[in-house]
1. Just the Kirkwood number for the range 99-231, please: inverse of mean 1/r across all distinct Cα pairs, in Å, one decimal.
2. Would you report the distance distribution of C-alpha pairs in the range 293-356 as whole percents per 10 angstrom bin, up to the bin with the largest distance?
3. What is the extension gain from residue 127 to residue 261, computed as 0.36 nm multiplied by their sequence separation minus the C-alpha to C-alpha distance, in nm to one decimal?
4. For the range 182-230 and the range 271-307, what is the separation of their C-alpha centers, rounded to whole Å?
5. Students sometimes get this wrong: rank 277, 167 by accessible area, probe 1.4 Å, all chains present, largest first.
6. Would you kindly find the accessible area of residue 299, with a 1.4 Å probe and non-protein molecules such as ligands, DNA and RNA excluded, rounding to the nearest 10 Å²?
7. Would you calculate the separation in nanometres between label points at residue 112 and residue 300, each defined as 7 Å from the Cα along the Cα-to-beta-carbon direction?
8. R0 = 35 Å: FRET efficiency of residue 180 with residue 310, Cβ-based, nearest 0.05?
Amino acid sequence: MQLLRSTWSVAPFFVAALALGACGETADGGDGLGGAPGAGGTVGVGGTAGTGGTGAGGTGTGGAPSKTGPRVVGYLPTYRNMDPAALDWATLTHLDIAFANSMDGGGVDFDSGARESIAPLVQKAHENGVKVLASIAGAAGGAAVSGRITPGNVDAYVTALLDMVSRYQLDGIDVDIEGEYVNGDYEPFVIKLSAALPADKLLTAAVATWNGDDFSSAALAEYDFINVMSYDHCGTWTDACEHSSLADTNSELAYWSGERAIPANEVVVGVPFYGYRWGGGTSDAVTYGELVLSFPQAKTTDWFVVGGDTYSLNSATTIATKAQLAQQYGGIMIWELGQDATGADSLMKVIADAQP
């Protein structure tokens, strides 16, 4: 989920897709998107009051048993490797599959090439106590979804979403409607969807702070937790900067938990598993896995220049710091799992090592 700013002429997801040759709706450049109680606490996964209950050993929601500890929410785009064996089930608590936007016959579904992979993923997730949600919209899918949440179409759309949840035995819906599409139709849609979802299903959202005031308090109140997309402060569409600094993350968390009064245990800290390169009049998005293979300093440094090219990322050191910070909030969210390094260099390993 890459952030979609109203001042951009092209959605960053789409820009990154062009730059990296990615398939599907999103790209290696990350997505705009993306819940544990206060510091030192534990929570049943998905366990906000009135759904799964809080506290160690809480019952959680949906088809998977609860894990204890902070949430670790990972997005997996359907153009990535959908093999269940490729995922770190021991660390994950929630898997958000991005995106379910296909409109076959007025329904909602994942891309046709990914549909046969969903059931094995859900089964493996539930065996490991991990909740699985379908993420809708994304930066590239906002226009299509916006036409379905209008007053004349919203009831049919909510029904189609419920059908998809039942069909794949999912644990809920993640709403990744971004930018200009967080409009007057957004709140009524969220309220309708929340009311229609069974009580044991989760409703979450990816939110961006740059247009945070567009999200009404009434809509935000319907979510079990929100995933704060604390990245893409610059990218291929801008000059070079630190696109996901720790200072920016602290500021954004203060906005959502302070000014917007979202309980801290419902605010999930979003981190990027990718960076950006600027140089020679061009720019592109680069996965962490690619960066750490070429530049050992990517393990400890967020900003460096090599051969005239400037790089911005979250190093393993910064991910560790943010993972510890997330324990004071609702957990940590990753865009996206397919961008990670393997083995000892894996950022998921860094997150796992930072868990209490």
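1. Roughly 15.0 Å, rounded to one decimal.
2. 20, 51, 24, 5, 0
3. Here the answer is 44.7 nm.
4. About 33 Å separates the Cα centre of the range 182-230 from the one of the range 271-307.
5. From most accessible down to least: 167, 277.
6. Approximately 90 Å² of residue 299 is accessible to the 1.4 Å probe.
7. Each label point lies 7 Å from its Cα, and together they span 5.1 nm.
8. Plugging the Cβ-Cβ distance into 1/(1 + (r/R0)^6) gives 0.70.
The values are calculated or read from the model by the stated rules, or taken from the named source; none is laboratory data. The structure presented is a predicted model; accordingly, all values stated were derived computationally and were not measured. Because the Cβ atoms are built from the backbone with ideal geometry, glycine has one as well, and the counts that use them run over all protein chains shown. All accessible areas refer to the heavy atoms of the entire protein, side chains included, with ligands and DNA or RNA removed. Shrake-Rupley method; radii C 1.70, N 1.55, O 1.52, S 1.80 Å.
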